[in-house]
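Here is the structure we will look at.
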Amino acid sequence: MANSDDEYVYDDVTGEWRPASEVAAAAAASQTMARDAGGNALADGDSVTLIKDLKVKGTNTTIKQGTVIRSIRLTENPEEIDCRHETIKGLVLRTEFVRKR
């Protein structure tokens with residue numbers, strides 16, 4: 001519940017005036033959640049599809065667009081996910097290049 005002396009901020013998403021503490025808490029929660037290129041929330045064990053051909057650093061391998069990566073693991077960085085591919089172990093992908101299946 002908001003205090004009577006709490007500052008209010010206009011929330012563009014809801015179109016309402018909300019207590020600043022609520023808006024800050026909602027922003028913090030959304031920033032810590034890993035999201036794919038389409039804005040869908042990602043969780044451990046999800047399957048994702050690549051939306052772009054990616055060259056893998058340190059190898060001559062390119063992972064093609066449309067490749068399905070199964071059983072991802074989230075990292076401390078919400079912009080990166082840990083995953084395995086049949087040819088590359090210990091692969092880390094940026095969430096901006098994947099779409100949740």
Requested in this report: Go through the stretch 53-63 residue by residue and tally those that are at pLDDT 95 or above and surrounded by fewer than 12 Cβ atoms within 10 Å (Cβ to Cβ).
Outcome: 0
Query - Selection from the stretch 74-94 of residues that are under 14 Å from Gly58 (Cβ atoms), surrounded by 14 or more Cβ atoms within 10 Å (Cβ to Cβ) and not hydrophobic (A, V, I, L, M, F, W, C) - result: His85
Query raised in the report: If we scan the stretch 62-74, do we find a residue that is assigned to a loop (DSSP other than H, G, I, E, B), assigned by TED's automatic domain parsing to the domain that holds Glu96 and within 14 Å of the chain's Cα centre (by Cα)?
Result: yes
Query raised in the report: Does the stretch 37-52 include one or more residues that are in contact with a strand residue (DSSP E or B) (Cβ under 7 Å, 6 or more places away or on another chain), basic (Lys, Arg) and either at pLDDT 95 or above or on the phi < 0 side of the Ramachandran plot (or both)?
Result: no
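The values are calculated or read from the model by the stated rules, or taken from the named source; none is laboratory data. Treat the numbers as computed from the prediction; the structure is a model and nothing was measured. Positions of Cβ are generated from backbone atoms using ideal geometry, with glycine treated the same way; all protein chains shown enter the neighbour counts.
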